[in-house]
Amino acid sequence: MNIATVEPWVEAPLRRFVDDARARLALLLHPSGQVIAQAGFTREVDVMSACALAAASHATAGELGRRVDGHAFRSLHYAGPDRQLFLSPVETARGAYICLTVFNAESSLGLVRIYFEELCNDLAAAAPPLPAIRQPTIAADFELDLNRNLAALFGRHHP
Amino acid sequence: MSLVNYATREITCKIVYYGPGRSGKTTNLHYIYGQVPDDRKGRMVSLATQTDRTLFFDFLPLDLGSISGFTTKFQLYTVPGQVYYQATRKLVLQGADGVVFVADSQARQLGENIESFQDLHANLAEQGIDARTVPLVLQYNKQDLPRDLILTTAELSDAINFRGVPEFPADALHGPGVFETLRSIAEVVLKRLSAGTSAGVVAGARG
């Protein structure tokens, strides 16, 4: 399965999870909707849209839970005719992430949940601590690049 | 929270368009979507009611191109402006790197603008964020309407812009001000990132 990650320590646990749980697709994302890792995605599914919607769905379920039950609902399961999805948070030393798992009749909710627990443990064990120092990332004179790119985006002339 | 991938040299930032109902937040995104070439934008997602009012959010991923050697991507979100969608506004605002506040220039909407601006500050405070530290740009939309219906930029500035942040008159339906607003928020957000003060997810890995 094709896996792409922003953080390398995520790759092995995620690969093991999708193999063991027989998942079709898996996404690990930040609660703000930014993708951390993706497994099995092809051009047919837009990763960024899926992340934005998964983050929204997770946040909504959490808030609904707090309002009706006093506690955030943590996990979600939706079932369609062919595919199902399971959405649940993962806690690590790097902070909280959300995992979106898509599976079909080759797997089951029970199987996904069992291996999801292993994924949580594996990620918690693999996560390095947050770096103490954050370096400045881009040059101070980035405005020229920014203006040129935005002008190109909007079809405008940039001197 | 800006996501920085040093290995693939990619930066991803989340920008939220905030403001009262019908001020033109979705219109800004539609205009941008219509202007940007296909290879520089993703699919626009709108969670709207049957009457096209924003129910949860609009989402538009943009590829800004290479900035200081980093492939820079912006994810633009709008919030639902109507008062009773307070809970969903709070959710969409989570992890925002910058906020564009879209005010409705109509004189009769001044109270709505102020209420929405206060709502923005309250929601940020609830997330433990000092609103003064969040990159913010103001847009005074609908400046194309007849003069007797709208407030001038100076009047709106007096009423809302007590922080003295960048502000732009706009007509989001036809385009004036949309580009300038996006350019300004991108600049403020990237300046903050370049100064190393953005509380982002910083990754040093491969894609």
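Coordinate-derived values only; no laboratory data. If you're wondering where the values come from, they're calculated on a predicted model, not measured in any experiment. Positions of Cβ are backbone-derived with ideal geometry, glycine not excepted, and every protein chain shown enters the neighbour counts.
Key figures
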item	result
Listed residues A:Y97, A:Y115, A:Y78, most fluctuating in chain A (Gaussian network, C-alpha, under 10 Å)	A:Y78
Spatial separation of Cα centroids for region B:92-112 and region B:7-44, in angstrom	15
Nearest-20 debye value, chain B charge dipole, Cβ charges on Lys, Arg, Asp, Glu	580
Estimated distance in nm for a label pair at A:V68 and A:M1, the labels positioned 7 Å out from Cα along Cα-to-Cβ	3.0
Span per principal axis, largest first, for the Cα atoms of region B:3-203 (Å)	54, 36, 32
Residue (of B:N161, B:S194, B:V83) at the positive-pole extreme of region B:80-204, dipole from beta-carbon charges	B:S194
Residue of B:R53, B:R163, B:R192 that the Gaussian network model of chain B assigns the largest fluctuation, springs spanning Cα pairs under 10 Å	B:R163
Integer Hz, Karplus 6.51/-1.76/1.60 couplings in order for region B:98-104, x for Gly and Pro	x, 10, 9, 9, 9, 9, 8
Pairs beyond 19 Å (Cα-Cα), from B:K14/B:K41; B:K73/B:K191; B:K14/B:K191; B:K90/B:K191; B:K25/B:K90; B:K41/B:K142	B:K90/B:K191; B:K41/B:K142
Computed over region A:1-77, Kirkwood Rh from alpha-carbon pairs, angstrom	13.4
Dipole magnitude of chain A about its Cα centre (Cβ charges: Lys, Arg +1; Asp, Glu -1), debye to nearest 20	220
Chain A - Kirkwood radius from inverse mean 1/r over Cα pairs (Å)	17.5
Spacing of the two label points (7 Å from each Cα toward its C-beta) at B:D38 and A:R16, in nm	4.3
Most fluctuating residue given options B:V188, B:V45, B:V100, as computed from a GNM of chain B linking Cα atoms under 10 Å	B:V45
Percentage relative contact order, region A:3-131, counting C-alpha pairs under 8 Å, at least six apart	27
Taking N as its residue count, the alpha carbon Rg of the protein assembly as shown over 2.2 N^0.38 Å	1.00
Within chain B, percent of DSSP bridges classed antiparallel, to nearest 5	40
Most positive-pole-ward Cα, B:S2, B:F117, B:V134, against dipole of chain B from beta carbon charges	B:S2
Charge dipole (region A:3-131, unit charges on Cβ, about Cα centre) - positive-most of A:A50, A:F73, A:S108	A:F73
Built amide H within the under 5 Å cut-off of B:L64, gap 5+	B:T72, B:K73, B:F74
Taking region B:3-203 and dividing mean pair separation by its residue count, relative contact order in percent (alpha carbons under 8 Å, at least six apart)	24
